[in-house]
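S.K.: Shown below is the structure under consideration.
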Amino acid sequence: MANSGSIHDFVPKFKQPFSIQVASGLDIQTLMNELSRLDDSVRRLSETQDTLKEFLDEATRKGEQRDPELEAAFEENKDVIGSQEERIHMITLVLVEKGVSAESLAHYLPKSQDPRGQSLNTMEPINDDGGIDL
């Protein structure tokens with residue numbers, strides 16, 4: 001996933017359906033809705049990956065040939081998850097730029113990272129009250 005500290009430095013690794021500039025023009029509620037949708041999608045895809053991996057590993061343990069369709073789905077899901085996680089990162093960068101506190105977005109971010117790529121334990125407050133600056 002592209003790691004960058006600001007919306008101006010963001011360079012996507014995956015092809016995205018919209019640019020960070022387009023995301024910057026969207027309202028906070030629309031961005032939060034998309035963030036929630038993406039979070040749910042990544043969670044479901046990750047669960048599917050666990051199931052696919054179990055089937056593939058079981059075939060390997062039994063000495064059977066692994067199903068090529070399952071292997072293809074497993075590999076494709078890796079890219080989809082990567083793309084969606086990158087989009088989550090992109091949206092959180094925009095939301096922080098709009099004044100949403102990184103702490104309030106923490107549960108959407110993989111590996112306990114805030115949108116600037118810092119550990120949440122060492123983050124500086126975005127604003128005094130932790131809310132949205134309007």
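The values are calculated or read from the model by the stated rules, or taken from the named source; none is laboratory data. Here the structure is a predicted model, which is why all the values come from computation and not from measurement. With ideal geometry, Cβ positions are generated from the backbone for all residues, glycine too; neighbour counts draw on all protein chains shown. In case anyone asks, the SASA skips ligands and DNA or RNA and just uses the protein heavy atoms, side chains included. Shrake-Rupley method; radii C 1.70, N 1.55, O 1.52, S 1.80 Å.
S.K.: What's the number of the only condition in (1) of a type outside the set (A, V, I, L, M); (2) touching a helix residue (DSSP H, G or I) at 6+ places or on another chain (Cβ under 9 Å); (3) at pLDDT 85 or above; (4) open to solvent by 10 Å² or more (accessible area, probe 1.4 Å) that Asn121 fails to meet?
M.R.: Asn121 satisfies all of (1) of a type outside the set (A, V, I, L, M); (2) touching a helix residue (DSSP H, G or I) at 6+ places or on another chain (Cβ under 9 Å); (3) at pLDDT 85 or above; (4) open to solvent by 10 Å² or more (accessible area, probe 1.4 Å) except (3).
S.K.: Could you please find all residues in the stretch 74-94 being more than 17 Å from the chain's Cα centre (by Cα) and surrounded by 15 or more Cβ atoms within 10 Å (Cβ to Cβ)?
M.R.: Matches in the stretch 74-94: Phe74 only.
S.K.: Condition test on Ser41, is it modelled with pLDDT of 95 or more, closer than 25 Å to His8 by Cβ, small (Gly, Ala, Ser) and surrounded by 15 or more Cβ atoms within 10 Å (Cβ to Cβ)?
M.R.: Details: modelled with pLDDT of 95 or more: yes; closer than 25 Å to His8 by Cβ: no; small (Gly, Ala, Ser): yes; surrounded by 15 or more Cβ atoms within 10 Å (Cβ to Cβ): yes.
In short, no.
S.K.: May I pose another question? Take the conditions assigned to a loop (DSSP other than H, G, I, E, B), of a type outside the set (Lys, Arg), under 15 Å from the mean Cα position of the chain (by Cα) and exposed (fewer than 14 other Cβ atoms within 10 Å of the Cβ) and apply them to Phe18. Does it pass?
M.R.: yes
S.K.: Continuing with this model, one more query. So, of the residues in the stretch 44-59 that are open to solvent by less than 40 Å² (accessible area, probe 1.4 Å) and more than 15 Å from the chain's Cα centre (by Cα), which turns out to be nearest to Asp79 (Cα to Cα)?
M.R.: Taking the candidates together, the pick is Gln49.
S.K.: A follow-up question, please. Regarding Leu70, is this residue farther than 20 Å from Phe14 by Cα and either free of Cβ contacts under 8 Å to residues at least 24 places away in the same chain or assigned to a helix (DSSP H, G or I) (or both)?
M.R.: yes
S.K.: Continuing with the same structure: Would you be able to say whether some residue in the stretch 77-87 is touching a residue at least 24 places away in the same chain (Cβ under 8 Å) and among the hydrophobic types (A, V, I, L, M, F, W, C)? Write out each step before concluding.
M.R.: Looking only at the stretch 77-87, we keep the residues that are touching a residue at least 24 places away in the same chain (Cβ under 8 Å), and these are 77-87.
From what's left, among the hydrophobic types (A, V, I, L, M, F, W, C): 80-81.
Yes, some residue in the stretch 77-87 is touching a residue at least 24 places away in the same chain (Cβ under 8 Å) and among the hydrophobic types (A, V, I, L, M, F, W, C).
S.K.: Oh, and also: With respect to Glu47, determine if the residue is in contact with a Lys or Arg (Cβ under 7 Å, 6 or more places away or on another chain), in a helix (DSSP H, G or I) and closer than 24 Å to Leu105 by Cβ. If you could, list the steps in order and put the result at the bottom.
M.R.: Numbers: in contact with a Lys or Arg (Cβ under 7 Å, 6 or more places away or on another chain): no; in a helix (DSSP H, G or I): yes; closer than 24 Å to Leu105 by Cβ: yes.
Judged against the criteria, Glu47 is not a match.
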